[in-house]
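The numbers here are math on the coordinates, done by the rules we state, and not lab data. This is a predicted model, so every value here is computed, not measured. Because the Cβ atoms are built from the backbone with ideal geometry, glycine has one as well, and the counts that use them run over all protein chains shown.
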Amino acid sequence: MNVKIAPLQSDKKVCIVVPVYNAEKFLGHALNSLVSQTYTNWTAILVDDGSTDGSLEICRQYAAVDSRFRVLSKENGGVSSARNAGLAEAEGDYLAFLDSDDYLAQDALEKMVNAARIYNSQLVIMDIRMVDFTKPELGGTLLSSEWLKESPCCLDADAFREKRMRLVWFTVLMECLHGKLYDMALWKEQKITFPEELSLGEDFVANMRYFEATNRVVFIHECGHYYNCIQNSGSLAQKYRPDLFENKMLLMEALEAHLGGRESLSKPERDAFYCYAASNGLSAVERFILDSGLQEQEMHEGLQKKFAHPLFAEALNKASYIPDRFMGCMEAVKQQDLEYVVQYIADGPHEKAAEKDCVEALIPEEPKHKLGLLNRVIRKLMRIVIPLFGQSKMAERLTRWEYEFYLHGLKKTIRSHAHAHSLVTNAVLEEQVEQVENQIGYVAGRVENQIWHVENQIEHIGNHIANEIAQRVRLENQLTDLDNRVNDAFRQLNDRSYSVEEKIRISAAHTQEMVEGYVWRSEERLRKENYRREINELRQRKKAIMIATAEHANIGDAAITLAEQIILSEQFPEYFQVEISTYEFEQKEAYLHAILNHEDILFIHGGGNLGDLYPVEEELHRKIVSEFPENKIVILPQTISFSATETGVRERDKSARVYNAHKDLTLFVRGENSLEFARTYFNQVNTILMPDSAHVLRSNYVFERNGALLCLRADMEGKLGGREQEFIASVVQKHAACVNSRTNVHSEDVSREIRGLVVRRELMHFASHQVVVTDRLHGMIFAAITSTPCVVLSSRNHKIQEYYEAFFRDSNAVFFIGDDLAQLDDAVKQAVSVQNAQYSVFEKSPHSSLCALTTDR
Amino acid sequence: MKKISVIVPIYKVEAYLERCVRSICCQTYQNLEIILVDDGSPDRCGAICDALAQQDARICVIHKKNGGLSDARNAGIEKASGEYIAFLDSDDWYDVAMLETLYRLCEENNAEIAECSYRNIYENYTVAETSSCGAVMEFTPAQAIESNLDWKYCKPVAWNKLYRADIIGDIRYPVGKIHEDEFTTHLFYLAATKIMYVDIALVNYEHRNLGSITARFKPKNLDVCEAFREKIHLVWSREDLRGIDQKMCNNYCYLLLDRVKKCEQSYPECDELIKTIQDAYEDYEELKKHGIDPQYIQEFDKLFETYHMM
C-alpha cells in the first residue's frame, strides 16, 4: 500500500488576487476554498472594490482567522482596477486569480505548483467547470483541454504558438484568468496590467500579452476551478451592453494582431480564427436581437451595420463551422433578409419552448388551422425530430437549412464561373446563367416537392409523437402507480417477513420431523428385511459359532480370540464362522436361537475365566451350555479356578451340574491342575489338556532387540505393589539399556475391527525387546511366541505357574522365579544372555488335533 | 504546543479510511496522537490501520470486538492522552488547517470547545453547510444548545469540534444507541464555560448510502426521541437553561410527532413506538406547562387517543 501521507509543500509562495465586489452570497465559499487548499504556502490579496453589501466584512473576518489573507479596500473602479490594485501589492513566486463568486478545487494549487515545478513552466492551465452554485446537483459543463489528448500536456513556446488559435477555439480556456498559475517574475517583468477602459476581454488581453512571453504551457485535464454560472445573477457579465458587438470585434482585432495577422496563419489556425470570430459576432448579434429592446427600424439599422463589419463579414463567409443555432438563418443573412433573421433568432433555439409548442399543437382537440403556428411548429419539430432520426440521411438532407445552403452553393458557383470566364461573351455567359437558373428552378421545384413530402411525413411523425407522448404519460402514470404499489408492498413485506420467517421455521421443523421419521421407518424396514434374509441364509449353513469372545481392553483376551478365529478357520473349514461377543450376547440371543441348526458347533471363548473370579462370564458359560443341549459345545482352552470359599464351592457345584448334564460338551484346559479339577468335578465332560490358543500366533520376528520390557499386572489378579514394581525396575535396569513398561491392556475396548491390529502391534513390541519380566500369563506367552527370553513372577492365582509347569518348563528362555524377588537379578542376567530361545511346546502343533478331539466322541 | 488526540472509530470503511487518516496526518498542526479504533471491522480495515501506523509514529491502533460507534469512541477516549480531543468519523476528512484553526480559537479565547462549519459531500457535488462567512462567534453553553436547536452555527455532531480533554470527565457515548451525538453534545457544552465557533468549513462530511436500505427508517431511529427527552428533563432541572425550555420542548414535540408518523408507516405498533409514545404521555402535562405550540397539543391529543392513553 502506497499512502501519500503529506501533500506537496514547498517554499514557492503563491499569491492569489481576489477582486471582490458585492458578492456576499458566495464570497465565503471562495475564501473557504483557499483556506482548504492542500498546498498551504500562499497569500491572498482581497481587493474590495467599494462593495455596498457585507463583502468587506467577510474579507476582514477571514483575515482575522487566517493571517494569509490581506484585505485592500478601495473606491469602486471596476474589476480591472481592482485586479491592478491587487497586482501592485502582489509578492511571491506564482500568481493566480480567483473571482469572488467562484471557488477552487481543494488540490488545485498543489497540482498547479507541482506541474510548474516539474515542467519548469511559466504557465499552468487547469480545466474549469461551470456550475450553477444554487443547483450544484446538476453538475454543470466542463471546459476542458482534452483536445490535447495527453494530460498533463506540456507545450513549449513554439508548439504553443502553432496551436494558439485552435486552443482558443476548441478549449474555451484561454480567455479567462481562472484555473491558471502564472509566474510572478515573468508577469512583473512584462509589466502586464489590466486595461481599465475595456469593459470586455480585459483578461483575454492580459493573457495574450502573457502568452507572448511564456516559455511553455502545461495543461492539466482536471478541474481546478469552479465557475459560478448562476443564471439571473445580477452581476455585470450577464447584463446587456449596447457596445457588446463592437467590443467583441475590437477584441477579435486585438487577437488577430496578437496572432500576427490572419494572412500569416496556417490554414487550420486561420479557419479556427474565422470560426471564433463568426461565433463571437453571432452571439453578440443574438444578444442584440434578444436584449436590446429596440424597435424594428432601429434594430434593422443596427443589424445592417453589424453585418457590414469587414472582419465579421469575412469570418461569416469563410468559417467552416457556424454554431448550430444560427445555421438556419445564414442564407437570410446573405440575402440581407433581416426580418427573417430577427424572427429566426427571436424564436430561438430554446428547445424547451419548442417542445412545449409542439405538445400544444399536437393535442388533438386544438384546431390546427393556424398555418403560421404550424409552420413554426414544424420547424421546431424538425429540430427535435432530426436528432431522433439522426441516422436517416433522407430526413437530414431535406431539412430546410440544407436546402438554403444548397441554393447558396449554386449561386457561389455561378459567381466564380462568371469571374473565371469574364472574357467569354455576354451571350454565352447569359446562356450559361439561364441554363444554371433553369437548373436551379428545376432543383428548387424538386426540393420544394420533397419538402412538401417531408412535411407530410413530419405531420405523420408529429401524430406519432403525440401518440407516443400520450402513451408515455400513461406509462408514467402507471409507473408512478407501480412505484407506489412497490413501496406499499415493500412495507408490507417488511412487516410480514418476520411472521413468514416464523412460519417457514415451523414448517421446516415439521418437514424435517416428517422426513426424519420416514427415513427412520425405511431404514428400519430395510434393517428388518436384511436381518430376516441373513437369518434364513445362516440357518441353511453349517456354522461354527464363537460365543463369549472378548471385545474388552485386555490384549491377552483379544489375542486368544484372534487365535481362535484362526484355529477354527483352519480346523473347521467347511463351517461358516459367526462371532457373538460377551458384550453382544444379551442383544443377539434371539438371533442365535433363530440361526441355529442342529449341525452347528458352539465354541465358547477360552482364557482364564472359568471359575468364580469372573462370575458374569461363568454364568454365561452355564447359560449357553444349558440352553443348547442339542448342539455340540466346545469350551476352548481354559484355566479353571474356583476359590476355596463358600461361594466358590457353591458356584463350582452349580457349574458341575450344568456341564455334566450336557451330552456333547468338550472342555480344553491349559494345565494339569485344571485337568485334574475337571476330571474330579466335571466328570461327565470330555476334558483334554491343550496349550493356550494364542500359540498359533507364533511367528518369526526380525526386529532389532533392545532393552527390557516390564509387563506387570495392575488389576485384581496382580499382587505386586508399587514398591515391588519399583524394585523390579531398578534390578532390570542393571542389565538392560532401557526399560519399557506395558500392562498388556489397551487404552480402550478392543473391538473386532481393530483386534488384529492391536494384537500385532503388541507382539511387535514384545519382539523388539531383549528380555521380558512379567507376571501375566499372556506376558509369558507373548514373550514365548516372539522368542523373547522371559522372567516370570507369580500372580494371585495359580494360572501362570500352572501354565509354566505344563508347557514352558523345559524351555531355555523362560525363567520362573515365583515370589522370590531375590532371584530376579540372577534370572534377568541369564535371560539376557540367552542366544537361541527354544520351546518344545511349539515343536508339535497341538491345535491340529482339535477337530479330531472335538468330533471324536 | 499542546497535544491533540484525534479519535477515529472504524467500521467497514475500506474505501474511505486512507483519505480520512491522511487528512489528519497532514494537518498543519503537527503535535497529534491519532487513535484508530478498529471496531471489529470484518473487511480489510484492520490491516489498513496497521499499515498506516507503520508509516506515521503518531498513529496508534486499537483492535476491539465490534461494539458500535459509541463504544469505539469511548475506547478512544480511555486511550487518549492529549490535552485536547477531537473526533473524526472514518468516512469524513479534515481540511489541512482544521486542527490549527480550532486549537488557536481555544487557546486565544480560553475556551473549552471550538467548533467550525463543514461541507456536505454528495456523490457528484458538494454543498457547504453554511455561507462560510468567516465570522468568529462566542457562545455560552445555553446559547450553544439553543444554536443546536435552531440548526444554526453550533451543530449537535461530534466531528466538527475540538474539546479540551478535562471537560470530558466521565461523559461517555451511550453504547447501543444511535443518534449518539444527540445524547452527548449538550453535556459537553454544559461542562464548558465558553464555546468558540468559526464560520469556515474545515470538515468534509460524506453522505453515503442515500436511498439504500440502511437509510430507511427503523425503530432504532426513535432513539433520537429518547435523547431529546433526556435533554428536556435536564433543561427543566436547571435554572440556567430556563430561557430555552420552550424552544427545546417544541423541538421535542416536532421531532417526536414526525418520527412517530414515520415509524407508523413501516413498523406500526412495534415496542419502541409504544414506549416512545408512553414516554411522551408521561411528560405531556409538563410539556403543556412550558408553552408548546397549540398545534402540537392538538396532534398529541389525537395520538394519545389512538393509542388508548386518554
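Quick notes on this structure:
- Sorted by Cβ neighbour density within 10 Å, fewest at the top, the residues A:745, A:17: A:745, A:17
- Seen against the Cα atoms of chain A and their longest principal axis, helix A:555-571 is set at about 80 degrees.
- Simple spin-label estimate for residue A:138 and residue A:660 in nanometres, 7 Å along Cα-Cβ: 12.3
- Theoretical FRET efficiency, 1/(1+(r/R0)^6), r = Cβ-Cβ of residue B:286 and residue B:194, R0 30 Å, to 0.05: 0.45
- Area projected by the alpha carbon convex hull of region B:1-74, averaged over all directions, nm²: 4.7
- Point-to-point label distance, residue A:587-residue B:230, nm (Cα→Cβ direction, 7 Å offset): 6.3
- Ranking of A:628, A:766 by count of other Cβ atoms within 10 Å, fewest first: A:628, A:766
- Degrees separating the helix A:582-595 axis from the principal Cα axis of chain A, which is the longest one: 80
- Length available on full extension from residue B:265 to residue B:220: 0.36 nm per residue minus the Cα-Cα distance, which gives 14.8 nm.
- Order of B:231, B:152 under a 10 Å beta carbon neighbour criterion, fewest first: B:152, B:231
- Rounded, prolate or oblate (a/c below 1.5 giving rounded, otherwise prolate when a/b exceeds b/c) for chain B by Cα gyration tensor: prolate
- Estimated distance in nm for a label pair at residue B:126 and residue B:237, the labels positioned 7 Å out from Cα along Cα-to-Cβ: 4.3
- Counting charges near residue A:50 (Lys, Arg +1; Asp, Glu -1) among other residues having Cβ under 9 Å from its Cβ returns a value of -2.
- Lys pairs under 24 Å by Cα in region A:1-146, provided they are eight or more residues apart or on distinct chains: 7
- Beta bridges per DSSP with both ends in the protein assembly as shown, % antiparallel, nearest 5: 25
- Relative contact order (%) - chain A, alpha-carbon pairs under 8 angstrom, separation at least six: 6
- For the segment A:31-40, counting C-beta atoms of other chains within 10 Å of every residue's C-beta and taking the mean gives 6.
- Candidate lysines - alpha carbon under 21 Å from residue B:275, same-chain residues fewer than 8 apart omitted: B:177, B:218, B:220, B:231, B:261, B:262, B:288, B:302
- Using the empirical formula 2.2 N^0.38 Å as the baseline, the Cα radius of gyration of chain A reaches a ratio of 2.06.
- Helix A:755-767 and the long axis of chain A differ in direction by around 70°, with both axes built from C-alpha atoms.
- In terms of distances greater than 27 angstrom between alpha carbons, the cross-link table entries A:163/A:318; A:528/A:663; A:503/B:64 yield A:528/A:663; A:503/B:64.
- Remark: mean inter-chain Cβ contacts per residue of B:46-54 equal 1, using a 10 Å Cβ-Cβ cutoff to other protein chain atoms.
- FRET E, pair residue A:476, residue A:53, Förster distance 30 Å, beta-carbon r, rounded to 0.05: 0.10
- Most tightly packed first, judged by the mean number of other beta-carbon atoms within 10 Å of their residues, the peptides B:14-21, A:18-25 read A:18-25, B:14-21.
- With a 10 Å cut-off around each Cβ of A:22-28, the average count of Cβ atoms from other chains is 3.
- Within a straight-line Cα-Cα reach of under 16 Å, residue A:829 can be paired with the following aspartates and glutamates, leaving aside sequence neighbours fewer than 8 residues apart in one chain: A:820.
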